[in-house]
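Following: one structure in structure tokens, then a few remarks.
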Amino acid sequence: MVQYNFKKITVVPTGKEFIDIILSRTQRRTPTQVHKGYAISRLRQFYMRKVKFTQQNFHEKLSTIIDDFPRLNDIHPFYGDLLHVLYNKDHYKLALGQINTARNLISKIAKDYVRLLKYGDSLYRCKSLKVAALGRMCTVIKKVTPSLAYLEQIRQHMARLPSIDPNSRTVLICGYPNVGKSSFMNKITRADVDVQPYAFTTKSLFVGHTDYKYLRYQVIDTPGILDRPFEDRNIIEMCSITALAHLRAAVLFFLDISGSCGYSIAQQAALFDSIKSLFMNKPLIIVCNKTDLQALEGLSEDDMKLVMEMKSEAMKTLVGQGGEATDGSNVLLTMSTLTEEGVIAVKNAACERLLDQRVEQKMKSKKLNDCLNRFHVAMPKPRDQKERPACIPQAVLEAKAKQAEVDADKEKRKLERDLENENGGAGVYSASLKKRYILAHDEWKEDIIPEILDGHNVADFLDPDILMRLEELEREEGVLQGLEEDEDFEMDGAELTPEEQAALTEIRKKKSLLIQQHRIKKSTAESRPTVPRKFDKDKKFTSERMGRQLSSLGIDPSMAIDRARSKSRGRKRDRSSDGVESMDVDGDKQNKKMRLKSRSMSRSRSMSRPPGEVVPGEGFKDSAQKKKAIKIAKSSSKNRNKEARRGEADRVIPTLKPKHLFSGKRSTGKTDRR
Amino acid sequence: MRLEKCWFCSSTVYPGHGIQFVRNDAKIFRFCRSKCHKNFKMKRNPRKVKWTKAYRRLHGKDMTQDSTFEFERKRNRPERYDRNLTENTLAAIKKIDKVRVDRESRHHAKRMKPKKAQLQREAARELEQSISMVKAPGALQRDPSLTLPIKVKVSKPEKVDNRMEE
């Protein structure tokens, strides 16, 4: 589980990149426009948002960095040590600590500046505060740039670490450089590890996987270890030491018995001695490699002795495991990776040993399950038939009895809810809320209390002595009324009689009529030619009318009518005027027409001419020519009349540039022609 | 349920009508209709707006101080219901209203009284001056009173047979 996280650590950007990313995000994700005309709260909000947004983003990103990088104490000690070996625990922690501090500093900066922004009183001030805040945050990040770079390096290296599962079956290969570990690795797994003649070809741990008895085994190839005091070891050697120290694995110690690695068996044995402490509790197998160059039996005495010593050491581990019988063949093996003889045997032996050890350990930890089956409660056996009931004190019994009484009472009392259910349930029955009113008389309970009367609130008038005050009021009123009557008798002197009143109304009526007529006349004088009175268009000037008007003024009109008649041009011809009063309006109209006609006609001698006839004269040859002349005259005046012109000479243009023709858009079409 | 008074025009606001505005200092302004509300929003002073009760009272057009106004006072303590008292109160409200209305009309009449004399004088003058519009001088001579003249009937004209052609 843990190893996979190393590949999933987020990329740590460099300082400059980091700043760029955050600032550009702030610019993109927050509103950008603000004008100094906005309300001050809006300006403040705008800038506060920017500051907060930036701080939040920094916080987020830094938090992810801090969280993604593994804590050396929380991961498997193998990885902890490995990371320590590779990167130095202190530096690592320091870098992460600096990032953490940066995060806190940024939060503080943001808080301070937001607080200041709350009191910014102008756009410029708020903007400067925001610029200052962001600037400080970026400076913090700039200071932390080296840590970021260091962490990025670490991250890249960590991602390339081999994914070793410290808890699963592992086989560890160790020994001097150049003894054949990597070639063995290549043989049993699919890993393609570099094999070269020079020492320290393998510089770091490599993992391969191999199968045995349907189980997967990790095979770890380590860089060669030299025989040096512990303090002098370099990082590469430390890697293998760490692996040896922390992984619960089967260890294959490789011996090059031919000495072609450049180191003698004695040196290798010395190495074995110095690191045998690391082989505690691990199934150890000594592997003699390169037997094609030198067979095991062909070794010299000393070498043989050394090898046997190693073997006995390895046997000790074997004995420590499960007390197996001395099976020397499983501890010391020979093989040759070049000819591939004994390679599979070595692998099988290693896997077998490891499997056995693991199974035993698992067996030992199965105690827990067994225990659970054995729980039970022991009951004492009765020793005689005596009853021994529980002992309750008297006071408690009394209290219980009282409580029981109260409960019974409660149950006896009828609840509102029961009442409701009796009377039809929730929707049907509505409880009378007035049931528990405390009033002077109980029959008032169901009264509907009046609240409003005639536009007044009854509650405003409620008063215990209202009757008394009302009486006072009425008395007052009576007094006042008496006074009133006295006053009223005074001034009725100068009143007009009803007849005079009638005359006055008539006068006023006439005055208003005159005003109306004047107004009409006034408005139309310019636009219409006024017909001179002699043409009498409205036929207002008749003698009947004059007679009526005179009589309404109180004068006898008969003399005036006679005079008017005698001066008139012709008398009317009675056609159907038997018994028709001259005052009759309808008859008048008919007679008027006839009278007009008769007047014009009475001038000339003959009175029977058809209406359209034109009499020749006035310089025309005959009626036809005169008719034509009349027609031409009419046609010429027709157009003039249509243009509302008074005559030929009338060239008045009321408005030279009417606005509606010279301005405005058109709803449809273009306005390039005006 | 209460009938409130409109803050602007002082008319009664019945339930379901009008708008209430609560200001930040928790003062409540009630309006009977949008006319008053809009006038308030325009920051008009009701004492200067002719049609409001505030103006009328301030300028003496309506009765200001009267004992009938003492009866109606908002009491903040609820009273226990008493049937007799309520009955009396209801009857009293009617009587108080009548008295108040009477007094107001009296006030109005008193206010209008000086105008009446002036109007009468003006009417007399107008009649005297313009009587000639309705009464001819001749008629006036005959009957010097300032009243409408008696209408004279027009005699029928003689029917002259003026037929020229038969």
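The values are calculated or read from the model by the stated rules, or taken from the named source; none is laboratory data. What you see is a predicted model, and the numbers here were worked out from it, not measured in a lab. Heads up, the Cβs are rebuilt from the backbone with ideal geometry, glycines too, and the neighbour counts pull from every protein chain shown. To get the accessible areas, we keep the full protein, side chains included, count just its heavy atoms, and leave off ligands, DNA and RNA. Shrake-Rupley method; radii C 1.70, N 1.55, O 1.52, S 1.80 Å.
Of A:Val51, A:Val114, A:Val85, A:Val140, which residue is modelled with pLDDT under 90 and surrounded by 17 or more Cβ atoms within 10 Å (Cβ to Cβ)?
When all the criteria are applied, what remains is A:Val85.
Scan region A:416-437 and give yes if some residue there is within 11 Å of another protein chain (Cβ to nearest Cβ), part of a loop (DSSP other than H, G, I, E, B) and either at pLDDT below 85 or in contact with a helix residue (DSSP H, G or I) (Cβ under 6 Å, 6 or more places away or on another chain) (or both), otherwise no. Even if it seems obvious, please write down each step before you answer.
The initial filter retains those residues of region A:416-437 that are within 11 Å of another protein chain (Cβ to nearest Cβ), namely A:434, A:437.
Subsequent filtering for residues that are part of a loop (DSSP other than H, G, I, E, B) retains A:437.
Imposing the further condition that a residue be either at pLDDT below 85 or in contact with a helix residue (DSSP H, G or I) (Cβ under 6 Å, 6 or more places away or on another chain) (or both) reduces the set to none.
No: zero hits.
Could you list, ordered by first residue, the pairs with Cβ atoms under 8 Å in which the first is in region A:537-557 and more than 7 Å from chain B (Cβ to nearest Cβ) and assigned to a helix (DSSP H, G or I) and the second is open to solvent by less than 20 Å² (accessible area, probe 1.4 Å) and among the hydrophobic types (A, V, I, L, M, F, W, C), at least 6 apart or interchain?
From region A:537-557, the pairs are A:Ser543/A:Ile561; A:Met546/A:Ile561; A:Leu550/B:Ala136.
Take B:Pro149 and tell me if it is modelled with pLDDT under 85, under 17 Å from A:Thr497 (Cα atoms) and in a loop (DSSP other than H, G, I, E, B).
yes
Looking at B:Arg23, B:Arg44, B:Arg30 in this structure, which one is open to solvent by less than 70 Å² (accessible area, probe 1.4 Å), basic (Lys, Arg) and more than 23 Å from the chain's Cα centre (by Cα)? Talk me through it step by step, then tell me what you get.
Values: B:Arg23 fails: open to solvent by less than 70 Å² (accessible area, probe 1.4 Å); B:Arg44 fails: open to solvent by less than 70 Å² (accessible area, probe 1.4 Å).
Matching residue, one of B:Arg23, B:Arg44, B:Arg30: B:Arg30.
Tally up the residues in region B:69-91 that are among the polar types (S, T, N, Q) and either loosely packed, with under 15 Cβ neighbours inside 10 Å or more than 7 Å from chain A (Cβ to nearest Cβ) (or both), please.
Selection size over region B:69-91: 2.
Report yes if B:Lys38 is more than 20 Å from the chain's Cα centre (by Cα) and either more than 27 Å from A:Arg469 (Cα to Cα) or not assigned by TED's automatic domain parsing to the domain that holds B:Arg100 (or both), otherwise no.
yes
With B:Ala117, B:Ala139, B:Ala124 as the choices, which residue is at pLDDT 90 or above, facing chain A (nearest Cβ under 7 Å) and either open to solvent by less than 50 Å² (accessible area, probe 1.4 Å) or over 30 Å from A:Asp460 (Cα atoms) (or both)? Lay out the reasoning, then the answer.
Values: B:Ala117 fails: at pLDDT 90 or above; B:Ala139 fails: at pLDDT 90 or above.
The match here is B:Ala124.
If you take the residues in region A:204-255 that are modelled with pLDDT of 85 or more and of a type in the set (Asp, Glu), which one is surrounded by the fewest Cβ atoms within 10 Å (Cβ to Cβ)?
Out of the qualifying residues, it is A:Asp211.
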